[in-house]
1. Taking residue 234 as the residue in question, decide whether it is free of Cβ contacts under 8 Å to residues at least 12 places away in the same chain and in the same structural domain as residue 140 (by TED's automatic domain parsing).
2. Looking only at residues that are at pLDDT below 95 and touching a strand residue (DSSP E or B) at 6+ places or on another chain (Cβ under 6 Å) in the stretch 180-211, which one is nearest to residue 138 (Cα to Cα)?
3. With respect to residue 269, is the statement that it is more than 17 Å from residue 151 (Cβ to Cβ), surrounded by fewer than 17 Cβ atoms within 10 Å (Cβ to Cβ) and without any contact (Cβ under 8 Å) to a residue 12 or more places away in the chain true?
4. Within the stretch 158-178, restricting attention to residues that are on the phi > 0 side of the Ramachandran plot and in a helix (DSSP H, G or I), which residue is modelled with the highest pLDDT?
5. Going by the structure shown, is residue 56 over 29 Å from residue 213 (Cβ atoms), surrounded by 15 or more Cβ atoms within 10 Å (Cβ to Cβ) and in contact (Cβ under 8 Å) with a residue 24 or more places away in the chain?
6. Among the helices (runs of 4 or more DSSP H) confined wholly to the stretch 103-157, which include 2 or more residues that are crowded, with 20+ Cβ neighbours inside 10 Å and under 15 Å from the mean Cα position of the chain (by Cα)?
7. Just checking, does the stretch 185-195 include any residue being within 25 Å of residue 256 (Cα to Cα), in a helix (DSSP H, G or I) and either in the same structural domain as residue 74 (by TED's automatic domain parsing) or touching a residue at least 24 places away in the same chain (Cβ under 8 Å) (or both)?
8. Closer than 28 Å to residue 175 by Cα and in a loop (DSSP other than H, G, I, E, B): is that true of residue 253 in this structure?
């Protein structure tokens, strides 16, 4: 019951995304399953710091990455802060537990030449799905929006006259992202194709049957299309978000502007994209070094 109250709290009061709520739910279920099996305890009040460390060790021995373990500890910390606020526990067992150090990873992105190849040389085919798929990819690359934000788009959020889209981001925060005339043309082409199929859905992106697209479907489309031009191991919609941010910054965009476009709450989240590609470094080196 306590866990369900917590999940409702982060969903409706803290306005966490559905994906985060599901992840926290799974993390807590996994944690209490371990405690019950290891210590025969399923009461959150009875948990002690050594029990949490024992769980962390078991995760490490199972090959779970430090990044995933750190996220699970964050879920636990949020949960126990909730219990402390309600008065269910008097001491927080997480106070003496440190999350494992996470090695910094540079964002994976597709280089500019391959993105150009994707949109200028790849044949998307004919028909409604081909038009939709191309627009999906162009929308991700042109706006940097998240997968959940794209799936949640409705017609009233896209202003083709002002060339801008209103996005509903994390914790229901809205932001406006401008887009190019090229994307405007693709949107109009897609709308014409969509008008030829029966759809009662308010969603902007729909299937050939007129029903709203869903996250796994969009993920598959993006993975398949990026796979046609890149050998990257990761080919998700989030890679296109990384690509948008990296290319913007590499071409001189102000970091604070990119932060607003991405919908980041803190600048530190955007600074990870300030790395340069090898090609960019070589270009600077050749221009600046006297013996280059």
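The values are calculated or read from the model by the stated rules, or taken from the named source; none is laboratory data. Since the model is a prediction, treat every value here as computed from it, not as a measurement. Heads up, the Cβs are rebuilt from the backbone with ideal geometry, glycines too, and the neighbour counts pull from every protein chain shown.
1. no
2. Out of the qualifying residues, it is 203.
3. Judged against the criteria, residue 269 is a match.
4. The selected residue is 172.
5. yes
6. In the stretch 103-157, 128-143, 147-151 are the helices (runs of 4 or more DSSP H) which contain 2 or more residues that are crowded, with 20+ Cβ neighbours inside 10 Å and under 15 Å from the mean Cα position of the chain (by Cα).
7. No, the conditions are met nowhere in the stretch 185-195.
8. yes
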